[in-house]
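As structure tokens, the structure follows; a few thoughts come after it.
Nothing in this text is a laboratory measurement; each read-out follows from the coordinates by a stated rule. Quick caveat: nothing in here was measured; it's all calculated off a predicted structure. Reconstructed Cβ throughout: ideal geometry from the backbone, glycine too, with neighbour counts over all protein chains shown.
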Amino acid sequence: MADNTTITTNRKARHDYHVLDKYEAGIALLGTEVKSLRAGNASLRDSYAVIQRGEVYLHQAHIGPYDKGNIANHDPLRPRKLLLQKRQIKKLEFSVMEKGLTLIPLSLYWKNNRVKVELAVVRGKRQYDKRDAIARREEARTLDRVLKEYKKR
């Protein structure tokens, strides 16, 4: 397995939220979960992180059951502990106390044969922000298309 390969990304996160700050966190997994991740069987859609009793937990992250697992296979949606330093957790705690901010995982990836989570402090976008972003993206595509046609001549 190559280093720093992405397992899955939360594609909807950048569409629905303004990313304010990013953190890299380890994640406590079971053996069948690691094997399932090696098969690429994961989804971060609708997942979020919460701070409980000085620890950070990832909720609603779906890691599918391992195909060749037995009856001791894991629960796909179980809460998973994220591994961060105490000072990072304190910083996250103060950030999340601010109204309207939350913790969202952006991606799961391999780093030196360990699974890492890219965790972000985010603020929700309003509907007009989403429309504005879509309009800018469409404008850039149109401009690229026009430039490409112009270069062909």
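Observations, loosely collected:
- Couplings 3J(HN,Hα) of region 34-43, computed from phi: 5, 5, 5, 5, 4, 7, x, 9, 8, 8 Hz, in residue order, whole Hz [Karplus 6.51 cos²θ - 1.76 cosθ + 1.60, θ = phi - 60°; x for Gly and Pro].
- About the centre of its Cα atoms, region 42-153 shows a dipole size close to 440 debye [charges on the beta carbon of Lys, Arg (+1) and Asp, Glu (-1) only; nearest 20 debye].
- Per-residue Karplus couplings for region 101-115, computed as 6.51 cos²θ - 1.76 cosθ + 1.60 with θ equal to phi - 60°, are listed in order as 9, 8, 10, 10, x, 8, 7, 10, 8, 8, 9, 6, 6, 10, 8 Hz, Gly and Pro entered as x.
- All distinct Cα pairs of region 6-124 go into the 1/r average, and the inverse of that average, the Kirkwood radius, is 14.6 Å.
- Only DSSP H runs of four or more residues enter the estimate; each adds -39500 (n - 2.57), and after division by the residues of the chain the mean residue ellipticity at 222 nm equals -11000 deg cm²/dmol.
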